[in-house]
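Enquirer: After the structure tokens below, expect a handful of questions from me.
The values are calculated or read from the model by the stated rules, or taken from the named source; none is laboratory data. These numbers come from a predicted model, not from an experiment. Here the Cβ positions follow ideal geometry from the backbone for every residue, glycine too, while neighbour counts run over all protein chains shown.
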Amino acid sequence: MNAQEIRRRYLEFFKTKQHVVIPRATLVPQNDPTTLFTGSGMQPLLPYLLGQDNPNGRRLANSQTCLRAQDIDEVGDNRHTTFFEMLGNWSLGDYFKGEQLPWIFDFLTEVIGLDPNRLYVSCCSGFSDYAIPKDTDSAAIWRDLFGAKGIDAKEIEIGSEANGYTIGEQDGRIFYYDTKNWWSRAGTPSEMSEGEPGGPDSEVFYRFDHVQHDPKWGEKCHPNCDCGRYIELGNSVFMEYLKTETGFTKLPKRNVDYGGGLERIAAAAIDSPDIFETTLFKPIVAKLEELSGKTYDSHTESMRVIADHLRGATFLAVDGVIPSNKTQGYVMRRLVRRAVRFAFELGIEQNFLEYVIPVIADLYHADYPEVAASRQRVIEVLVKEEKLFRQTLRKGLQELGRLAKSQVDGSVLFKLYDTYGFPVELTKEEAFTSGLTIAEDADGVFKKLMAEQRERSRTASKGEFKGGLTDHSDTITRYHTATHLMYRALKNVLGEQVVQRGANITAERIRFDFSYPEKMIPEQIAEVERIVNDQIDRNWPVSWREENTQAALASGVSGAFGDRYGETVKVYTIGDPEGDYFSREICGGPHVQNTAELGADGKRFKIVKEESSSAGVRRVKAVLA
């Protein structure tokens, strides 16, 4: 069964379990300043897992595209990627362990056809300091499920991952870990703050029996070993506890959050530890082999990096991101440029994205209509970035050729890398062919500049991701409502072609990106400010209700660029939904009850900066002061 069919069968399976299949969220989170990207399937649903009602009901399922830029340097082995899909299902105060675990087992063994003898599971060993018991409930369910297949599910107490390398598998089937099988946003129970929910989780692993344990990872193998013998397929989180001042109490409404890696399940389905052998990668690899004349076996790492990075860049482009030197655009640019750099190792020195991106689009267009709808635009955006980078590389070569010194030191390596994006390896190769020598300490100096740059970047961005998806502080809430007022005012002043392309709200300011081809003139900025402040003074009531998505959009309700919605949506109205109003917008909240709250203590709305965000996209920063 190929990956595309696994995705479809998963969603069909949970439809039969009365789940509503919801659309994926975009890779760029809307109104969530805590992170640049959607990095997990549960991330867009966190408000509902924390108690907010979902208009689609209490049973949900989808396949969520995810991106984790922090894994970029791990790409190249057989299972790490920056871009991946999570198959997810959620119970919002409905079913619990007794339904969830059998469903997952049935899906993997009966629907996908995985051999149950190759499946292994983990459960939480509990935390005696907090009176959180060992999750014997989940273990008992797993024991019965394996027993029905004629498998004796021996239980092994491991505790810490480090201890796993000491005691090993011991012919176990159910493994108890401590912190590895506990979920909360903060991490371990001791790190959680009062009022934060969490709970035990249960993971499912597939064992590749033909892969031998590599002792470089540890003395003995266990399910959470990184040697590649085991691969995690999915994880069921059982959110049932609430941190209190004195310890933990049970949540009144328990939730289930399951996430399963599509690429990994597809790899298990073909009994290959290499996810790049699955149908989500093989056509890309085949095109790279065709373009380069090289084989995957001889240039494995390069082809893996290119295939992964270009998948991520493609979906970022689908979701409206444009390469730039800031935030999401910077990561997108880095993905494209790393792909081009690794293409050099394949001997591909000509433009090649125009041939690879259509292959990637073909892999997804049937299941994600937005990919088909934006296909040509995506190709144009990425091909343009490739051409720009190759021009930059040529400038770097010219700079290297102008060097009067006979020795290239670390500062030169860094300048060529930082200014021109010139790969260090390529600099060394060109220096050698040009008769230049590389200083002995060049690598060390290069790394020390790089480290200083990362520190400057970290310091400069400190506080950029304050607040968060569930941050309902008074300031955040007021700024959220002010953003709605500003969005409508921008449309009034600049025209209805203005479409939101991103938002970041912190306790310090509003940052709002929107499509517009020209710099705003001072008169336009002043008019937007006047309109917003007038609406604040009108004391508009703010309310929300669930509406049919198509009817809402047809009536002129605003939404964010790239967002996809289910059959119903939550619409916030500033004014009377049935009469006179100023703004109606699809949104998850939170908002004030009356616009007068924005003007408390004599505060007025002010745009403090207007600038370019990327080609065709402007950015404003605003405050209430």
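Enquirer: With the structure loaded, tell me whether residue 84 is assigned by TED's automatic domain parsing to the domain that holds residue 55 and crowded, with 20+ Cβ neighbours inside 10 Å or whether it fails that test. Spell out how you get there, then give the answer.
Expert: Values: assigned by TED's automatic domain parsing to the domain that holds residue 55: yes; crowded, with 20+ Cβ neighbours inside 10 Å: yes.
Yes.
Enquirer: Taking the condition at pLDDT below 70, farther than 25 Å from residue 350 by Cα and assigned to a loop (DSSP other than H, G, I, E, B), does residue 452 pass? Steps first, please.
Expert: Values: at pLDDT below 70: yes; farther than 25 Å from residue 350 by Cα: yes; assigned to a loop (DSSP other than H, G, I, E, B): no.
So residue 452 fails the test.
Enquirer: Within segment 300-316, restricting attention to residues that are small (Gly, Ala, Ser) and crowded, with 24+ Cβ neighbours inside 10 Å, which residue is nearest to residue 83 (Cα to Cα)? Spell out the reasoning first.
Expert: In the first step, residues of segment 300-316 are kept if they are small (Gly, Ala, Ser); the result is 302, 307, 312-313.
Subset that is crowded, with 24+ Cβ neighbours inside 10 Å: 307, 312-313.
Working: 307: 10, 312: 5, 313: 9 Å.
Among those that are small (Gly, Ala, Ser) and crowded, with 24+ Cβ neighbours inside 10 Å, it is 312.
Enquirer: Contact list please: Cβ distance under 9 Å, first residue in segment 194-208 and over 10 Å from residue 184 (Cα atoms), second residue β-branched (Val, Ile, Thr) and part of a loop (DSSP other than H, G, I, E, B), pairs at least six apart or on different chains.
Expert: From residues that are over 10 Å from residue 184 (Cα atoms), the pairs are 194/244; 195/244.
Here's the yes/no breakdown for (1) at pLDDT below 95; (2) more than 25 Å from the chain's Cα centre (by Cα):
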site	(1), (2)
161	yes, yes
193	yes, no
198	yes, no
203	no, no
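Okay, residues lined up against (1) farther than 18 Å from residue 164 by Cβ; (2) part of a helix (DSSP H, G or I); (3) not assigned by TED's automatic domain parsing to the domain that holds residue 135:
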site: 198; (1), (2), (3): yes, no, no
site: 206; (1), (2), (3): no, no, no
site: 232; (1), (2), (3): no, no, no
site: 238; (1), (2), (3): yes, no, no
site: 260; (1), (2), (3): yes, no, no
site: 265; (1), (2), (3): yes, yes, no
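Enquirer: Tell me yes or no: at least one residue of segment 309-328 is of a type in the set (A, V, I, L, M), more than 30 Å from residue 612 (Cα to Cα) and in contact with a helix residue (DSSP H, G or I) (Cβ under 9 Å, 6 or more places away or on another chain). Even if it seems obvious, please write down each step before you answer.
Expert: Here is the first cut: in segment 309-328, the residues of a type in the set (A, V, I, L, M) are 310, 313, 316-318, 321-322.
Right, trim to more than 30 Å from residue 612 (Cα to Cα) and you get none.
Checked against the condition, which is being of a type in the set (A, V, I, L, M), more than 30 Å from residue 612 (Cα to Cα) and in contact with a helix residue (DSSP H, G or I) (Cβ under 9 Å, 6 or more places away or on another chain), segment 309-328 yields no hits at all.
Enquirer: If you don't mind, another one. Out of the residues in segment 87-101 meeting the condition of being more than 18 Å from residue 261 (Cα to Cα) and not small (Gly, Ala, Ser), tell me which one is surrounded by the fewest Cβ atoms within 10 Å (Cβ to Cβ). Steps first, please.
Expert: Narrowing segment 87-101 to residues more than 18 Å from residue 261 (Cα to Cα): 91-99.
Within this subset, residues satisfying the condition of being not small (Gly, Ala, Ser) are 92, 94-97, 99.
On the way: 92: 24, 94: 17, 95: 18, 96: 17, 97: 20, 99: 15.
The extreme case among them is 99.
Enquirer: Among the residues of segment 475-484, is there at least one that is over 30 Å from residue 413 (Cα atoms), in contact with a Gly (Cβ under 7 Å, 6 or more places away or on another chain), modelled with pLDDT of 70 or more and not acidic (Asp, Glu)? Quick ask: steps written out before the conclusion?
Expert: Filtering segment 475-484 for residues over 30 Å from residue 413 (Cα atoms) gives 475-484.
Applying the additional criterion that residues be in contact with a Gly (Cβ under 7 Å, 6 or more places away or on another chain) yields 476.
Applying the additional criterion that residues be modelled with pLDDT of 70 or more yields 476.
Next, only the ones that are not acidic (Asp, Glu) stay: 476.
Looking for residues that are over 30 Å from residue 413 (Cα atoms), in contact with a Gly (Cβ under 7 Å, 6 or more places away or on another chain), modelled with pLDDT of 70 or more and not acidic (Asp, Glu), one finds at least one in segment 475-484, hence yes.
Conditions tested, residue by residue: (1) at pLDDT 95 or above; (2) in contact with a Leu (Cβ under 7 Å, 6 or more places away or on another chain).
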| site | (1), (2) |
| --- | --- |
| 56 | no, no |
| 85 | yes, yes |
| 88 | yes, no |
| 104 | yes, no |
| 139 | yes, no |
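Enquirer: Keeping to segment 157-176, report how many residues are within 17 Å of residue 143 (Cα to Cα), part of a loop (DSSP other than H, G, I, E, B) and not charged (D, E, K, R).
Expert: Here the count works out to 2.
Enquirer: I'd like the full set of residues that are among the small types (Gly, Ala, Ser) and touching a helix residue (DSSP H, G or I) at 6+ places or on another chain (Cβ under 8 Å), limited to segment 37-80.
Expert: 61, 63, 69, 76
For (1) in a helix (DSSP H, G or I); (2) in contact with a helix residue (DSSP H, G or I) (Cβ under 9 Å, 6 or more places away or on another chain), each residue gets a yes or a no:
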| residue | (1), (2) |
| --- | --- |
| 508 | no, yes |
| 514 | no, yes |
| 519 | no, no |
| 524 | yes, yes |
| 528 | yes, yes |
| 533 | yes, yes |
| 574 | no, yes |
| 600 | yes, yes |
| 612 | no, no |
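Enquirer: Write out, first by first residue and then by second, each pair whose Cβ atoms fall under 6 Å of each other, whose residues are 6+ apart or on separate chains, and whose first residue, in segment 273-295, is in contact (Cβ under 8 Å) with a residue 24 or more places away in the chain while the second is of a type in the set (S, T, N, Q).
Expert: Cβ pairs passing all conditions: 273/78; 274/78; 279/2.
Enquirer: Is it true that residue 47 is part of a helix (DSSP H, G or I) and either of a type in the set (Lys, Arg) or outside the structural domain of residue 569 (by TED's automatic domain parsing) (or both)? Spell out how you get there, then give the answer.
Expert: Details: part of a helix (DSSP H, G or I): yes; either of a type in the set (Lys, Arg) or outside the structural domain of residue 569 (by TED's automatic domain parsing) (or both): yes.
Yes: the conditions hold for residue 47.
Enquirer: Now, a different point. Go through segment 283-299 residue by residue and tally those that are buried (at least 16 other Cβ atoms within 10 Å of the Cβ) and β-branched (Val, Ile, Thr).
Expert: 2
Enquirer: Right, something else. Residue check: is residue 17 surrounded by fewer than 17 Cβ atoms within 10 Å (Cβ to Cβ) and not hydrophobic (A, V, I, L, M, F, W, C)? Please lay out each step first, then the result.
Expert: Working: surrounded by fewer than 17 Cβ atoms within 10 Å (Cβ to Cβ): yes; not hydrophobic (A, V, I, L, M, F, W, C): yes.
Here the answer is yes, as residue 17 does meet what is asked.
Enquirer: Only residues in segment 345-360 that are free of Cβ contacts under 8 Å to residues at least 24 places away in the same chain count as the first member; pair them with residues that are in a helix (DSSP H, G or I), Cβ under 8 angstrom, at least 6 apart or cross-chain, and list the lot.
Expert: Final answer for the pair search is 349/343; 358/375; 358/379.
Enquirer: Name the one entry in 620, 542, 592, 608 that is of a type outside the set (S, T, N, Q), modelled with pLDDT of 90 or more and not in a strand (DSSP E or B).
Expert: Working: 620 fails: not in a strand (DSSP E or B); 542 fails: not in a strand (DSSP E or B); 608 fails: not in a strand (DSSP E or B).
Among 620, 542, 592, 608, only 592 is of a type outside the set (S, T, N, Q), modelled with pLDDT of 90 or more and not in a strand (DSSP E or B).
Enquirer: Take the conditions touching a Pro at 6+ places or on another chain (Cβ under 8 Å), modelled with pLDDT of 90 or more, basic (Lys, Arg) and assigned to a helix (DSSP H, G or I) and apply them to residue 304. Does it pass? Show your work before the answer.
Expert: Working: touching a Pro at 6+ places or on another chain (Cβ under 8 Å): no; modelled with pLDDT of 90 or more: yes; basic (Lys, Arg): yes; assigned to a helix (DSSP H, G or I): yes.
No; evaluated as a whole, the condition is false for this residue.
Enquirer: Further question: Scan segment 572-586 residue by residue and report those that are in contact with a strand residue (DSSP E or B) (Cβ under 8 Å, 6 or more places away or on another chain) and of a type in the set (Asp, Glu). Spell out the reasoning first.
Expert: As a first pass, look at segment 572-586 and keep what is in contact with a strand residue (DSSP E or B) (Cβ under 8 Å, 6 or more places away or on another chain): 572-577, 581-586.
Answer for segment 572-586, where residues must be in contact with a strand residue (DSSP E or B) (Cβ under 8 Å, 6 or more places away or on another chain) and of a type in the set (Asp, Glu): 576, 585.
Enquirer: Here's something else I'd like to know. Restricting segment 46-59 to residues that are surrounded by fewer than 21 Cβ atoms within 10 Å (Cβ to Cβ) and of a type in the set (A, V, I, L, M), which is nearest to residue 8 (Cα to Cα)?
Expert: 46
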